[in-house]
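**Student:** My structure is below; once you've seen it, I'll send some questions.
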Amino acid sequence: MRVKLEPESAFIGKKFAYIFFGIIFGLNAIAFFWYFFFSNLT
């Protein structure tokens with residue numbers, strides 16, 4: 001039972017990590033482009 005349950009929890013953890021890092025990198029990219037465009041405007 002533990003051997004069957006462990007890969008599922010690891011898969012869920014990896015999936016959550018991908019979503020979490022995707023959101024963080026997405027926000028960083030948005031902030032970077034925001035700063036880039038505003039520095040171009042002035």
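The values are calculated or read from the model by the stated rules, or taken from the named source; none is laboratory data. Note that the coordinates shown come from a computational prediction; the quantities given were computed from them, not determined experimentally. Ligands, DNA and RNA are stripped out before the accessible areas are found, and what is left, the full protein with its side chains, is counted by its heavy atoms. Shrake-Rupley method; radii C 1.70, N 1.55, O 1.52, S 1.80 Å.
**Student:** Can you name the residue in the range 6-19 that is hydrophobic (A, V, I, L, M, F, W, C) and open to solvent by less than 100 Å² (accessible area, probe 1.4 Å) and, of all such residues, is modelled with the highest pLDDT?
**Tutor:** Keep residues of the range 6-19 that are hydrophobic (A, V, I, L, M, F, W, C), which gives 10-12, 16-17, 19.
Restricting the remaining residues to those that are open to solvent by less than 100 Å² (accessible area, probe 1.4 Å) gives 10, 17, 19.
On the way: ALA10: 72, ALA17: 88, ILE19: 93.
Residue satisfying both the conditions and the ranking: ILE19.
**Student:** When you look at SER39, is it of a type in the set (Gly, Ala, Ser) and at pLDDT below 85, yes or no? Working first, answer last.
**Tutor:** Numbers: of a type in the set (Gly, Ala, Ser): yes; at pLDDT below 85: no.
Against the criterion (of a type in the set (Gly, Ala, Ser) and at pLDDT below 85), SER39 does not qualify.
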